[in-house]
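Reviewing the structure listed below.
The values are calculated or read from the model by the stated rules, or taken from the named source; none is laboratory data. Keep in mind the model is a prediction, meaning the values are calculated, not measured. Note: ideal-geometry Cβ built from the backbone for every residue, glycine included; neighbour counts use all protein chains shown. Note: areas computed on protein heavy atoms with side chains; ligands, DNA, RNA excluded. Shrake-Rupley method; radii C 1.70, N 1.55, O 1.52, S 1.80 Å.
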Amino acid sequence: MSTPSTPPDGSPAAWSGRFSEPVSEIVKRYTASISFDYRLAEFDIQGSLAHAAMLHHVGVLSKDDLAAIQRGMAELRTEIRAGQFNWSLDKEDVHLNIEAALTAKIGDAGKRLHTGRSRNDQVATDIRLYLRDAIDRILAGLNACQTSLVDLAEQHADTVMPGFTHLQVAQPVTFGHHLMAYVEMLVRDAERMADCRRRVNRLPLGAAALAGTSFPIDRAFVARELGFDGICENSLDAVSDRDFAIEFTAAASILMMHLSRLSEELILWMSPRFGFIDLADRFCTGSSIMPQKKNPDVPELVRGKTGRVNGHLVALLTLMKGQPLAYNKDNQEDKEPIFDTVDTLTDTLAIYADMLTGITVKPDAMRAAVMQGFATATDLADYLVKKGVPFRDAHEVVARAVRTADSSGRDLADLALAELQAFSPMITDDVYHVLTLEGSLAARDHLGGTAPAQVRAAIARARKRL
Ligand code: ARG
């Protein structure tokens, strides 16, 4: 005789005893998470094995039962990895699927595994194990991207390009310096991820449903088995906390924002209007109607995918904001945003590290652009200040010189000495060194400046960290 909530596969739902009628098909689909949380399987097995080992350690589970659980889980792991495991909607989620399959293999020992545990602390443990692993992969991806950026920066420590403010030519910088700005951003991203990992890496298991358990569990034992740095110290918080996932998606959003900014620059630089770089063909696509087109699809998609990661951050914040303690089913909605954030980041970083190595730089176009915007005007003002002219007066002198040069289609360096001296008698023929791009670059020779020597020093510091 089957119970009223017996699903089509013949076995009753794990919680069916309490109910007088089964859920409808649509409610079953609506409440199930197996379609996405099967991805936690490896971590679910890892957590269950640690829990079982602890139960035996404290004398709650026999040696034979533990051995049976270990043998059954090893078989299940092999089947899951080989894609031979049949995930069942009737079993609702990854936890119940695995437990049922284990019990089918080993009998009563499988039914004893859930002693002193709830799916509430089980799922919190699984996500933390998953995210810890993901963060380690993301950190490796960040490192690869930084390496690509530093390599490119090293090749272009002397390559001059316009530095922009308001997207107007401001002052000359080196392309290497510009790239190293992104290395700084990625260094902070890695710090944020590593910091977030410290709070991810704590054990919720042992909180059971919400209040803890009456069994004599040893949480420190489980934490050691699973490589956690610490234990969630309040059982109610342990099962309901998702701060770590919010922190992770926040760090992910900032990281994507950085890559989105770099993408925007790559797109601009590849436009013929700039013509500063070319991207390797394998990161671009053509147009089905315009034969001449080569479109920077990959950076455009990185820019676009930043939106979905930002969305996941907002989704998780919203998911948590109205929840009373402790676990609520709302929490099941945490998984897809987390998974998609991880997938987006790992793919984006892998593609980016490769794309950066395939950039062709066009130094002549960069130099031509920086010649067009009076980029050394500040250098002329600084020159006058060094000769005793107050900065505000020097600014005015240079502004008038720029207006004259501009109206006659010339650069500041094209003005004759007599013309310059008409603006200020303090100007002598040593001014022309100051007006060159190389002179301007070399002058900014302090920590964090764009002088090629400083860029090389920054690259050396970055390499040491990598
Ligand atoms: N699938 C659930 C989740 O993802 C597992 C925990 C279910 N707990 C419960 N009491 N229904 O959150």
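I want to confirm something. Restricting to region 117-141 and keeping residues that are more than 16 Å from the ligand (Cβ to nearest atom) and either basic (Lys, Arg) or in contact with a strand residue (DSSP E or B) (Cβ under 8 Å, 6 or more places away or on another chain) (or both), which single residue is least open to solvent (accessible area, probe 1.4 Å)? The extreme case among them is Arg132. For region 355-402, filtered to residues that are in contact (Cβ under 8 Å) with a residue 40 or more places away in the chain and among the acidic types (Asp, Glu), the residue that is farthest from Val298 (Cα to Cα) is Asp382. Here is a list of conditions, (1) open to solvent by 70 Å² or more (accessible area, probe 1.4 Å); (2) within 16 Å of the ligand (Cβ to nearest atom), and Arg273 meets all of them except one; can you say which number that is? The number of the failed condition is (2). Every condition in (1) open to solvent by less than 20 Å² (accessible area, probe 1.4 Å); (2) within 44 Å of the chain's Cα centre (by Cα); (3) of a type in the set (Gly, Ala, Ser) holds for Ala365 except the one numbered (1). Of everything listed in (1) crowded, with 17+ Cβ neighbours inside 10 Å; (2) within 16 Å of the ligand (Cβ to nearest atom); (3) polar (S, T, N, Q), the single unmet condition for Thr306 is (2).
Evaluation of Val60 against the conditions (1) within 16 Å of the ligand (Cβ to nearest atom); (2) in contact with a Ser or Thr (Cβ under 9 Å, 6 or more places away or on another chain) shows that the sole unmet condition is (1). Which residues, taken from region 44-64, are at negative phi and open to solvent by 30 Å² or more (accessible area, probe 1.4 Å)? Within region 44-64, Gln46, Leu49, His56, His57, Val58, Val60, Ser62, Lys63, Asp64 qualify. Filtering region 435-450 to residues that are among the hydrophobic types (A, V, I, L, M, F, W, C) and surrounded by fewer than 20 Cβ atoms within 10 Å (Cβ to Cβ) leaves Ala442, Ala443, Leu447. For region 227-245: of the residues being touching a strand residue (DSSP E or B) at 6+ places or on another chain (Cβ under 9 Å) and among the hydrophobic types (A, V, I, L, M, F, W, C), which is surrounded by the fewest Cβ atoms within 10 Å (Cβ to Cβ)? Of everything passing the filter in region 227-245, Ile231 is surrounded by the fewest Cβ atoms within 10 Å (Cβ to Cβ). Scanning region 117-155 for residues that are part of a helix (DSSP H, G or I), among the polar types (S, T, N, Q) and closer than 21 Å to Phe215 by Cβ gives Asn120, Gln122, Thr125.
Taken together, the criteria place Asp379 among residues that are assigned to a helix (DSSP H, G or I), of a type in the set (D, E, K, R) and closer than 25 Å to Pro425 by Cα. The condition of being under 30 Å from Val150 (Cβ atoms) and surrounded by fewer than 20 Cβ atoms within 10 Å (Cβ to Cβ) holds for only one of Arg192, Arg197, Arg224, that being Arg192.
In region 86-116, the qualifying residues are those that are polar (S, T, N, Q) and in a helix (DSSP H, G or I), and the one that is nearest to the ligand (Cβ to nearest atom) is Asn97. Can you confirm whether region 75-84 contains a residue that is modelled with pLDDT of 95 or more and open to solvent by less than 20 Å² (accessible area, probe 1.4 Å)? Yes, some residue in region 75-84 is modelled with pLDDT of 95 or more and open to solvent by less than 20 Å² (accessible area, probe 1.4 Å).
Scan region 10-38 for residues that are in contact with a Ser or Thr (Cβ under 9 Å, 6 or more places away or on another chain), within 10 Å of the ligand (Cβ to nearest atom) and modelled with pLDDT of 95 or more and the total you get is 1. Sub-7 Å Cβ pairs linking a first residue in region 313-340 that is more than 18 Å from Asp237 (Cβ to Cβ) and aromatic (Phe, Trp, Tyr) to a second residue that is within 15 Å of the ligand (Cβ to nearest atom) and in a helix (DSSP H, G or I), at least 6 apart or interchain, are Phe339/Phe36; Phe339/Arg39, ordered by first then second residue.
Contact map, region 62-79: first residue within 16 Å of Thr103 (Cβ to Cβ), second residue not in a helix (DSSP H, G or I), Cβ cut-off under 6 Å, separation 6 or more or different chains; pairs are Ile69/Leu113; Glu79/Phe85. Reported count of residues in region 327-339, each being more than 20 Å from Arg29 (Cβ to Cβ) and either more than 10 Å from the ligand (Cβ to nearest atom) or charged (D, E, K, R) (or both), is 1. Within region 247-266, being surrounded by 20 or more Cβ atoms within 10 Å (Cβ to Cβ) and aliphatic (A, V, I, L, M) holds for Ala251, Ala252, Leu255, Met256, Leu259, Leu262, Leu266. Scanning region 309-326 for residues that are open to solvent by 60 Å² or more (accessible area, probe 1.4 Å), hydrophobic (A, V, I, L, M, F, W, C) and within 16 Å of the ligand (Cβ to nearest atom) returns a single hit, Leu325.
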